[in-house]
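Report on one structure; see the data block that follows.
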Amino acid sequence: MVFALDIGTRKIAGLLVDLNEDDKMVVHDVVIREHEHRAMLDGQIHDVEKVARAVALVKKELEERNNVKLDKVAVALAGRFLKTYVGENSVEFEEPVEITKDMLIRMELDAVAKATENIEPNMYCVGYSVIRYELDGMWFKKLEGLKGKNAYIRVVAT
């Protein structure tokens with residue numbers, strides 16, 4: 001069982017989650033508390049003690065309701081601490097080819113690598129989203145299964 005904690009600007013959410021046999025996430029319990037007296041403003045912690053107290057209350061409630069001891073946590077912090085980078089990748093083929101899932105994965109990961117090549121030390125890429133696909137200069141929602149000579153992808157990596 002994983003204890004996940006989301007520390008947002010207005011609220012703290014604690015979740016107990018697990019993966020089932022099909023590798024699908026199952027949420028066993030959720031506790032949500034608002035910060036008291038705006039301990040966080042615009043994604044920035046302004047009162048560490050109040051935030052820590054709220055986290056402790058969320059953790060205690062989950063432990064008591066589920067009869068478990070939680071000593072490890074996966075944490076998501078308010079968005080101000082996240083940085084977003086843009087990366088692009090293009091591939092040119094001599095003849096039109098069908099774009100496969102494997103080709104797209106390689107293109108996406110190359111674009112993410114380009115996006116994150118200049119990130120600050122001690123920063124990590126925690127995820128990415130494709131924001132644009134093009135094939136032969138035309139925009140598409142998806143490229144898999146289409147045929148073309150010039151494939152292009154743009155991602156945002158966080």
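The values are calculated or read from the model by the stated rules, or taken from the named source; none is laboratory data. Predicted model only: the values in this text are computed from it and were never measured. For neighbour counting, all protein chains shown are included, and Cβ atoms are generated from backbone atoms with ideal geometry for every residue, glycine included.
Scan segment 38-57 for residues that are among the small types (Gly, Ala, Ser), modelled with pLDDT under 90 and surrounded by fewer than 15 Cβ atoms within 10 Å (Cβ to Cβ) and jot them down.
GLY43, ALA52
Take the residues in segment 1-26 that are aliphatic (A, V, I, L, M) and touching an Asp or Glu at 6+ places or on another chain (Cβ under 6 Å); name whichever of them is nearest to ASN66 (Cα to Cα). Filtering segment 1-26 for residues that are aliphatic (A, V, I, L, M) and touching an Asp or Glu at 6+ places or on another chain (Cβ under 6 Å), the one nearest to ASN66 (Cα to Cα) comes out as LEU16.
Of all the strands (runs of 3 or more DSSP E) wholly in segment 58-158, which have at least 3 residues that are at pLDDT 95 or above and surrounded by fewer than 13 Cβ atoms within 10 Å (Cβ to Cβ)?
85-98
Do we find a residue being of a type in the set (Lys, Arg), touching a residue at least 40 places away in the same chain (Cβ under 8 Å) and over 30 Å from ALA74 (Cβ atoms) anywhere in segment 136-146? No, segment 136-146 has no match at all.
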